[in-house]
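S.K.: Take this structure, written in structure tokens, and hold onto it; I'll ask about it next.
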Amino acid sequence: MDPKLRRMAASLLSLLLLLEGGMFSSSSSPSGLLEKVFQHLDLHQDEFVQMLKEWVAIESDSVQPVPRLRQELFRMMAVAADTLQRLGATVDSMDMGSQQLPDGQILPIPPVILAELGNDPKKATVCFYGHLDVQPAERGDGWLTDPYALTEVDGKLYGRGATDNKGPVLAWINAVSTFRALYQDLPVNIKFIIEGMEEAGSVGLEELVEKEKNRFFSGVDYIVISDNLWVSRKKPAITYGTRGNSYFTVEVKCRDQDFHSGTFGGILNEPMADLVALLGSLVDSSGHILIPGIYDQVAPLTEEEIHMYKAIDLDLEEYRNSSQVEKFLFDTKEEILMHLWRYPSLSIHGIEGAFDDPGAKTVIPGRVIGKFSIRLVPHMNLSVVEKQVTQHLQDVFSKRNSSNQMAVSMTLGLRPWIANINDNQYLAAKRAIETVFGTEPDMIRDGSTIPIARLFQEIIHKSVVMIPLGAVDDGEHSQNEKINRWNYIEGSKLFAAFFLELAKLHE
Ligand SMILES: [Zn+2]
């Protein structure tokens, strides 16, 4: 049924029930309140878009280490703090000190905002994480409009940060401000943690969360992140997992200097030949990882999961076309999604020390470093994976009887994140999506690593959910990033409905 009709029918039904109960005001019923909230968000949508325009206009680029942009970041955080204060929130702008860059330059780190609204012990407390920094953007990169002037074309709001992550942060704020504007009590206690360094690796955030664990985060029941996208243009989604990553280097060394192939070729174990053999032993042409034991800990596939994958709205043809890939390793939607989300993958990234310039140089590199990584899934264990990889490479290398030296190391280890989709807040998010969009959400994961989810889950030990608002074609990090007006406004409704659903669970 059309969502508008659905809502009309729902409100009519609630009115009838109220009349039957002998009551004449509908404002006290939750569905009556929700109607008002939706109406307010619809009626005032231009104001909400205007606010997004003002936020997008601030060039809060955290990636380029330039003093002017750092100032913009500080201005962005001050504007957000001010907005929250005007909503009635208690706001702490946490000093994050400064960072020294590799070139010796010292730059201040923008504050992290910790804000709270309401502390009624009878209510659930939900904490929203978002970031207000953006990736670099310039008109000359191929933008059709000024990236810092939000421009609407056919219901699409183009601008850097529109979907990642200013739009979703504002959608949450719009939901809160609507209850305020209607003089309605917030159904839940709300907390905010908003940072300005996400695109630069969330500098200092983990230490702050650790430090605030027993203070700011003590009463928090649920954590919500809205910093990724749907897999569809139209169908909303809930994200319940992300893959981790273990990054390896394997060095093969004869000596530090390179050789001339005319002078030494034929009498050496060449490091590059060893390395190519090592890298070639990692994964086969069907994408299967050849490291013994690597699949042993991968969580078995359940019936429930198979059903979830079947229901997901993914247009494979469009996905293939937009990725400009002629043929993927798998032919079905389910297999493709499972291999992106719930199975590990191994990618070979590069070789340091190899000759990679154009032309023909008769060099024998004396020392080369191969780089590859494995995307990890539940329940793979980092140290077990490290051992398996090291053992495998040693076995392959020793069979070559090479006189070179080989050294393996894991340079980065990020664990996968998976949530329990039967947690209360998942139920609440699903119901809110059904109310607003008239459809069940896609239950999705993310193939890349979003460390923040795992960080919250591990330090605060509370349920984390990701509720994305952006459509699959929003183009976060790329040229012509946008959020649809529809996603932005319906997303604000979704968060408002979510507050009410959470409250119901706590009654
Ligand atoms: Zn983001």
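The values are calculated or read from the model by the stated rules, or taken from the named source; none is laboratory data. All values derive from a computational prediction rather than experimental measurement. Heads up, the Cβs are rebuilt from the backbone with ideal geometry, glycines too, and the neighbour counts pull from every protein chain shown.
S.K.: Among the listed residues Thr163, Thr145, which satisfies the condition of being surrounded by 15 or more Cβ atoms within 10 Å (Cβ to Cβ) and either among the small types (Gly, Ala, Ser) or more than 25 Å from the chain's Cα centre (by Cα) (or both)?
M.R.: Only one candidate qualifies: Thr145.
S.K.: It is to be established whether one or more residues within the stretch 144-151 are within 14 Å of the ligand (Cβ to nearest atom) and touching a Leu at 6+ places or on another chain (Cβ under 6 Å).
M.R.: no
S.K.: State whether the residues of the stretch 279-290 include one that is in a helix (DSSP H, G or I), modelled with pLDDT of 95 or more and assigned by TED's automatic domain parsing to the domain that holds Asp395.
M.R.: Yes, the stretch 279-290 contains at least one residue that is in a helix (DSSP H, G or I), modelled with pLDDT of 95 or more and assigned by TED's automatic domain parsing to the domain that holds Asp395.
S.K.: Looking for something buried (at least 20 other Cβ atoms within 10 Å of the Cβ), among the basic types (Lys, Arg), touching a helix residue (DSSP H, G or I) at 6+ places or on another chain (Cβ under 9 Å) and modelled with pLDDT of 95 or more - is there at least one such residue anywhere in the stretch 483-492?
M.R.: no
S.K.: Quick one: in the stretch 96-139, which of the residues that are more than 28 Å from Arg215 (Cα to Cα) and within 16 Å of the ligand (Cβ to nearest atom) is surrounded by the fewest Cβ atoms within 10 Å (Cβ to Cβ)?
M.R.: Pro136
S.K.: May I ask you to list the residues in the stretch 450-477 that are away from the ligand (no atom under 13 Å from the Cβ), in a loop (DSSP other than H, G, I, E, B) and surrounded by fewer than 24 Cβ atoms within 10 Å (Cβ to Cβ)?
M.R.: His461, Lys462, Ala471, Val472, Asp473
S.K.: Does the stretch 249-263 contain at least one residue that is closer than 23 Å to Arg415 by Cβ, outside the structural domain of Val79 (by TED's automatic domain parsing) and either within 16 Å of the ligand (Cβ to nearest atom) or outside any loop (DSSP other than H, G, I, E, B) (or both)?
M.R.: yes
S.K.: Just checking: which of the strands (runs of 3 or more DSSP E) contained wholly in the stretch 188-248 hold 2 or more residues that are crowded, with 19+ Cβ neighbours inside 10 Å, away from the ligand (no atom under 16 Å from the Cβ) and modelled with pLDDT of 95 or more?
M.R.: 189-195, 237-242
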